[in-house]
Amino acid sequence: MKSFLAFLLAMGIIVTLGDAYCWSKRHKPGEGENGCMVNGRLYPFGHIERTEECFRCSCSQVGVNCCSLFHTPIGYDKKNCKVIFNKERCDYDVVQKDDPSQECIVYSRVG
């Protein structure tokens, strides 16, 4: 029984940490005839693996649904470290302010 409870707790933590920031937008009448507009760029109907802003989207004639491919760090040494968005990897790097070549430990992130 203890093993089962530990398993449920672990799965709950994993699901919480794996949650991404998501948003959706419905098309107004007359919009969405040729695809979906996301941050000024027109994407075709269907699955969009990665936008320029690091979102995974689904575009339909009804609207667009997108979720982030990144998680924002919130638990780190804010006094000695800084956060830099790495657009190539679609993730945040947390590095030392005095020496950006050195990574900082991140304790928690949110989606």
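Each value in this text was obtained by applying a stated rule to the coordinates, not by laboratory testing. Just so it is clear, the structure is predicted and the values come from calculations on it, not from any experiment. Heads up, the Cβs are rebuilt from the backbone with ideal geometry, glycines too, and the neighbour counts pull from every protein chain shown.
Summary table below
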quantity	calculated
Positions within segment 38-57 being of a type in the set (A, V, I, L, M, F, W, C), assigned to a strand (DSSP E or B) and under 14 Å from H27 (Cα atoms), in sequence order	V38, L42
Filtered residues of segment 69-83 (kept if surrounded by fewer than 17 Cβ atoms within 10 Å (Cβ to Cβ) and closer than 11 Å to Y21 by Cβ)	T72
Residues of segment 58-95 satisfying the condition of being assigned to a loop (DSSP other than H, G, I, E, B) and without any contact (Cβ under 8 Å) to a residue 12 or more places away in the chain	K78, K79, E88, R89
